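Reviewing the structure listed below.
Every read-out reported here was derived from the displayed coordinates using simple, explicitly stated rules and does not represent laboratory data. Values in this document were obtained by computation on a predicted structure and should not be read as measured data. Here the Cβ positions follow ideal geometry from the backbone for every residue, glycine too, while neighbour counts run over all protein chains shown.
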Amino acid sequence: MEIHIIQGDITQIECDAIVNAANNSLLGGGGVDGAIHRQAGKELLEECRTLHGCATGDAKVTKGYRLSARYVIHTVGPVYRDGQHDEAKLLKSCYKKCLEKAEAYQCHHIAFPSISTGAYRYPTSQAAQIAMETIEQFEAHYVQRVDIVCFDDYTYRTYCQLLKKNNKSA
Ligand code: AR6
């Protein structure tokens, strides 16, 4: 499986599924969630209403509507408190559940944002380590390419450094 770190807006990525860093209601919000709902159109919110929310660490799938991605995989990352409230386990579960959904929907190419590192305040370097580890350890059959789409410079640089480090030790 190829992993690419990209800087940009996840709503513009052409792939089979993009991941949304949503909240438990799945009824929209700010950050990447707001951007995905704006780009997909109101039909996305209508379908989300039928899902009755999502637990932290879990993932649910909708269509992509006006996005170029066919599906949106909505996941809910943990709100970071002090690292002693299962934050790492829950964040790992987000990546794993999303990859399992991508497999179930036979997606070859998916894109993740940096889950929990915005409004939910997960320290970026710790979150990036969990994201990369979980993706690298996943045994995929359909998924051939994973993009991690970083919006800001700091997030982009953090993921790039980790990818470089992991490649060196491989
Ligand atoms: N493309 C890619 N990444 C983006 C985009 C975009 N268009 N916009 C923002 N990011 P956040 P969270 C980055 O806050 O921490 C929402 O209100 C952003 O810079 O979107 O999981 C939900 O409804 C950051 O690096 O998600 C929840 O209530 C990363 O995406 C809550 O925020 C995650 O930031 C979820 O918080």
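Where the only charges are on Cβ atoms (+1 Lys, Arg; -1 Asp, Glu), what is the dipole of the stretch 72-170 about its Cα centre, to the nearest 20 debye?
140 debye
Quote the charge dipole size of the chain about the Cα centre in Debye, to the nearest 20; the model charges only the Cβ of Lys and Arg (+1) and of Asp and Glu (-1).
Dipole magnitude for the chain comes out near 100 debye.
Please list, ordered by chain and number, the residues whose modelled amide H lies under 5 Å from the amide H of TYR122; skip anything fewer than 5 residues away on the same chain.
Correct list: TYR80, THR117.
Can you tell me the relative contact order of the stretch 29-170? Whole percent, Cα pairs under 8 Å, sequence separation 6 or more.
Taking the mean separation of contacting Cα pairs over the length of the stretch 29-170, I get 20 percent.
Starting at the first residue of the stretch 15-31, write each ³J(HN,Hα) from the Karplus equation 6.51 cos²θ - 1.76 cosθ + 1.60 with θ = phi - 60°, in whole Hz, x for Gly and Pro.
Rounded to whole hertz, the list is 7, 6, 8, 10, 9, 9, 8, 9, 10, 4, 6, 6, 9, x, x, x, x.
Calculate one ³J(HN,Hα) per residue across the stretch 32-42 by plugging θ = phi - 60° into the Karplus curve 6.51 cos²θ - 1.76 cosθ + 1.60, and present them in order as whole Hz with x for glycine and proline.
After applying 6.51 cos²θ - 1.76 cosθ + 1.60, I find 5, 4, x, 5, 5, 5, 4, 6, 6, x, 5 Hz.
Nearest 5 is fine: what % of DSSP beta bridges in the chain come out antiparallel, could you say?
Taking every DSSP beta bridge within the chain, about 20 percent pair in antiparallel fashion.
Taking amide H positions as placed 1.01 Å from N in the peptide plane, with prolines and chain starts having none, which residues 5 or more places from LEU67, or on another chain, fall under 5 Å of its amide H?
Close amide H contacts, sequence-distant or interchain: none at all.
Sort out for me the Cα centre separation of the stretch 124-170 from the stretch 1-78, rounded to whole Å.
19 Å
For the chain, what is the number of Lys pairs with C-alpha distance below 21 angstrom, counting only pairs 8 or more positions apart or on separate chains?
For the chain, qualifying lysine pairs total 15.
Which Cα, out of GLY30, THR11, ILE115, lies furthest along the positive dipole direction of the stretch 1-121 (beta carbon charges, K/R +1, D/E -1)?
Farthest along the dipole direction, towards plus: GLY30.
Taking θ as phi - 60°, what are the ³J(HN,Hα) couplings along the stretch 114-123 by the Karplus curve (6.51, -1.76, 1.60), each to the nearest whole Hz, with x for Gly and Pro?
Ordered by residue, 3J(HN,Hα) equals 7, 5, 6, 8, x, 4, 8, 6, 5, x Hz.
Taking amide H positions as placed 1.01 Å from N in the peptide plane, with prolines and chain starts having none, which residues 5 or more places from ILE148, or on another chain, fall under 5 Å of its amide H?
HIS4, ILE5, ILE6, PHE112
Tell me, in nm to one decimal, what length is gained between ARG38 and LYS164 on full extension, where the rule is 0.36 nm per residue of separation less the Cα-Cα distance?
The ARG38-LYS164 span can extend by a further 42.0 nm.
I'd like to compare 41-48, 153-160: which one has the highest average count of other Cβ atoms within 10 Å, and what's the full order after that?
153-160, 41-48
Quick one: putting +1 on the C-beta of Lys and Arg, -1 on the C-beta of Asp and Glu, what dipole do you get for the stretch 37-96 around its Cα centre, in Debye to the nearest 20?
Roughly 260 debye for the stretch 37-96.
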